[in-house]
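This report refers to the structure that appears directly beneath it.
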Amino acid sequence: MYNSSKVAKAIRIAMLFGASAASVISTSSFAVDEGIEEVEKIQVTGSRITRTDLEAASPITVYSSADILASGATSLDTFIKQIPAMNGAQLGSNVNNASAGLATVSLRGLGAGRTLVLINGRRFNSGDLNSIPTSFIDRIEVVRDGASTIYGSDAIAGVINFITKNDFEGLDITGQYDVTGDGDGNIKKFSVVTGTSNAKGNVVFSIDYTDREAITQADRDFSVCPLWDDGVGSTTYCGGSGHSAYGLVNLPLGTPINGEIVGDKRPDDSTVGSSYVTLDGKGVSYNTADYGYNYASTSYLVTPVKIFSVNAASNYQVSNSIALFAEAGFSNRQSSQQMAPAATFWSAPVPAAHPDNIYGVDVSVNRRITEGGGRSFEQDTNDYRVVTGLQGEFDNDWGWDISYNYSRFIDARINKGELNRPNTETLLSPELCDADEECPGLWNPFAKDTMTDEQNTFATVTFSPVRKGTTTQFLANLTGDFGDIELPGGAILWAAGYERRTEYYLNEPDGAEALGQVYGQSGQRTEGGYSVDEIYAEFILPLFSGLAFAERLTVTAAVRASDYSNQEDTTTNTKFGLEWEPVDGLLARATFAEGLRAPSVTELYAPEEQSAIAYTDPCWEYGKSDNEILKANCTADGLPSDFDSDSQSNAIIGGNSALTPEESESITVGLVYSGIENFNMAFDYFDIKIEQGIGTAGVNNVASQCYNSVDFSNPLCELFKGTDYGPLDTPPHHTSPRRNVLGVLSGILVSDANLSTFETSGIDFDFLYNIDFANGSFTTSLNGTYVISYNYMITEGSETIEAAGMVAADQWEGSPAVFAKWRTNLGFSFATESYATNVTFRYQSSGDDINANETTLDSVADSVVYTDIQGTYYINDTYNVSVGARNLFDVKPPYLSNYDDANTINYSYDLAGQYLYVNATARF
């Protein structure tokens, strides 16, 4: 019944030894009786060599399909992100702004691109975990050290290998329904898996459907409006955006308003422009508390998605020594995000001749288009994967396999509610509107609710970009031994192979984008690709066995050479490992690995786009600061001492065709002990260093280091390109070249670049104890990761950012995340033939805001403990039902002053709250 699979038990026992069951199992022969009595040759993830033991130098953790079911997770990204070794910013259901519906995972917090995701040991193009259904997964194998020598680029942080069902018989029908404790966010999941076998082979087929409903920020008290500090560190108030529903008016210097000259005094008696809203025919000085726009109320807290997938796998024994295998998968994801209504983010010009312009001069207006509803971003993404190949053995027991893998995605998008800039400006100009026959009449931007339906239709635009990607992969592998040539510890095992891979990417804007009509979109058509040829060799050298203090001493070695069509030089990387078992039950292991990650096609060819990245302005209330350098720079910018502004920057993101590969070195050293019956434990130290790391400098990092350098001397200041760079083209600030007219930092170039260095180190630990009693089996486990350091340097000579235990910019996603020092899972389970129960406590330690200052009210992202429970009743051999809760005690995400997306760090916390669910399964 519960977790009763013999293979699963074998893997469970083996996992703390750092090994897993096979990606390719030659005979699938496992026997379990108080341990593993017999295991045929298997292939451990992270190695191409088939071997008979389950101990490997690389630390590997295995999760079975039963583990996924016991977690209550309806998607793989929900399950994977609970693994303690995952950290930093990861895309998923809790990311609304700029997520595009993707679900990604980041091992060690080093970014999704440095965590290689495989299906049955092979790549798939999109990397989107949404496209892999839980129902088709047999187990998940996580390699927690570098594996570039085995799998090529991208495996710097490690590998997640999803092993699908390939030897399944019968019919499984499963349905699950989830709902939050608030009665919203419903998730409906249905799956069918069927398979059949004969003496020649097996066929497995699955259908899976998931429907997750949205939760808006207005649906939770903690996110109903953006909270702002009062500037003296005592309380918060409901703030909002300066792109106001009232129309925020930006006046030039010297404009007389109510008998006074516009301007705030600076210490040198000069003035800077001020902003006003128009009420009852008069200009009233703008303030956020009264006139800021609450952009949270219409934004998603949890994004909706519908996913339909079909998968199949088969194998057929052509002869005694040759087998044919094939895999195919298709998924369709329909996802969406919703944000506040568009605004004239570029500070739209309104001439003095406009009849509603009471100011008598040309002005610019930042007006929120509340009449048209929010902006929506919809994706209809198809993900395809086809694999075919042969595998077999020669008469000398050498094994071989060849395969061809084709993977493709097509992401068709519909973006609604953005502004057509030329048309919007036509509505604001008497001259332009008169000259345009289609202009529905002059619009008054100085008051709320003045845009008509006809004007809204004229001003807004729907556009449909398409993005496509394709990966092809040819693999040929050979594995065996050297026959009679042996070492004192046994036979020398080896593997060698060849791989050819191609990558292709296309971004196709639609007509409105290409014509430059959509504000913030460059309209660039970008396309590109590359190919790579690689060869590798791998060896297992058993030096000694059966000696005193050397029951087993084995050395492993691997080398891989890669020739990229878009790079000048051929690269080579190596890996070495040591496995030493001084006595039965104790294993010492270590690895040293070089890593390579070539820039992906999206990093090379993604178009430049505007992005409103959240940031903490270093000049916020700078008059209260003791930092004289900061005060001097903010004063030089022409800002008042009590300055405040929007917390979303005008940044530029995108690809960079000049990127070069990044290189890494990783070390792991560990101990595994299983000398006590029913008890296992493991400790593994890791240290990873990356040079020429590809990432984004991050708006917070650029702003902080620039403004805290004497006379803006930090090299990062060069990343401020100004308000007329690329797709921005907004009016500049009166006195600062780094800000727009609202005082918002603008033109920050944070597109992908080869940054300087990354380094992280820490300890993984695992404890497992199980015992049989009361006609059942009791198991308790503790696994976790402690991060000792997580440091990165943006450019050579810039300040080293120490992010461990902090809230800091994630260099992969460009967004803030908690880099928690501690992440642990403590679990208890009890199972009998009739029922099973389990409870898991998931802990994440706190993070201090790296950008906090003296006036920050709350600068700590608090630690959290999430409690998950489940009970399963086996009605008979055919039917079972489970009920459970994720986040049983409805733990809320902590408030953090400097971050306004749901007033917390949305990448790092559970936003939905308590989820209750019921799952029913029928097996025939």
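None of the figures in this text is laboratory data; all of them are computed from the coordinates on show. Since this is a predicted model, take the numbers as computed values, not measurements. Please note: Cβ atoms are built from the backbone with ideal geometry, for glycine as well, and neighbour counts cover all protein chains shown.
Miscellaneous remarks
- Extension reserve of the residue 667-residue 879 stretch, reckoned as 0.36 nm per residue once the Cα distance is removed: 71.6 nm
- Of the GluC sites (Glu not before Pro) in segment 617-711, the ones in a loop by DSSP (not H, G, I, E or B) with at most 12 other beta carbons within 10 Å are 677.
- Inter-probe distance in nm under a simple model that places probes 7 Å from Cα toward Cβ, at residue 235 and residue 492: 7.8
- Centre separation in Å (Cα based) which lies between segment 467-543 and segment 155-185: 26
- The length gained on full extension between residue 802 and residue 788, counted as 0.36 nm times the residue separation minus their Cα-Cα distance, comes to 4.0 nm.
- Using θ = phi - 60° and Karplus 6.51 cos²θ - 1.76 cosθ + 1.60, couplings along segment 610-623 (whole Hz; Gly, Pro as x): 7, 9, 8, 7, 5, 8, 9, 6, x, 8, 4, 6, 5, x
- Where labels lie 7 Å past Cα in the beta-carbon direction, separation of residue 515 and residue 167 in nm: 6.1
- Burial ordering of 907, 498, fewest other beta-carbon atoms within 10 Å first: 498, 907
- 5 angstrom amide H check on residue 56, placed H, neighbours 5+ away: 19
- Amide H contacts under 5 Å for residue 364, placed H, 5+ residues apart: 250, 350
- Listed from fewest to most Cβ neighbours within 10 Å, the set 576, 168 follows the order 576, 168.
- Highest to lowest packing among 539-552, 206-219, 515-528, scored as the average C-beta count within 10 Å: 206-219, 515-528, 539-552
- Where labels lie 7 Å past Cα in the beta-carbon direction, separation of residue 177 and residue 190 in nm: 1.2
- Neighbour net charge for residue 821 - beta-carbon separation under 12 angstrom, K R +1, D E -1: -1
- Calculated FRET efficiency, residue 657 to residue 382, Cβ-Cβ distance, R0 = 30 Å: about 0.65 to the nearest 0.05.
- What the Cβ-Cβ distance of residue 462 and residue 289 gives, at R0 = 51 Å and to the nearest 0.05, is a FRET efficiency of 0.90.
- Under 15 Å, Cβ to Cβ, from residue 325 - net charge with Lys/Arg +1 and Asp/Glu -1: -1
- For segment 84-89, 3J(HN,Hα) computed residue by residue from phi via the Karplus equation (6.51, -1.76, 1.60; θ = phi - 60°) reads x, 6, 7, 7, x, 8 Hz, glycine and proline entered as x.
- Additional length obtainable on full extension of the chain from residue 724 to residue 535, 0.36 nm per residue less Cα span: 63.3 nm
- Using alpha carbons only: equivalent-ellipsoid semi-axes of the chain, gyration tensor based, whole Å: 53, 28, 27
- Ranked list, fewest to most other Cβ atoms within 10 Å of each Cβ, for 358, 771, 132, 137: 771, 358, 137, 132
- Members of 81/821; 188/306; 306/416; 189/416 lying beyond 21 Å, as alpha-carbon distances in this model show: 189/416
- Efficiency of FRET between residue 207 and residue 390 - r from beta-carbon atoms, R0 45 angstrom, step 0.05: 0.95
- Zone residues, segment 217-257, relative to residue 362, backbone N less than 18 Å from point 7 Å out along Cα-to-Cβ: 249-256
- Rounded to whole numbers, the Karplus 3J(HN,Hα) couplings from phi for segment 558-570 are 8, 9, 9, 10, 10, 10, 8, 5, 9, 10, 6, 10, 6 Hz, using 6.51 cos²θ - 1.76 cosθ + 1.60 with θ = phi - 60°, and x at Gly and Pro.
- Considering helices alone, the calculated mean residue ellipticity of the chain at 222 nm is -2000 deg cm²/dmol, with DSSP H runs of length four and up weighted by -39500 (n - 2.57) and normalised per residue.
- Note on segment 558-680: along the principal axes its Cα atoms extend 71, 47, 27 Å, ordered by decreasing extent.
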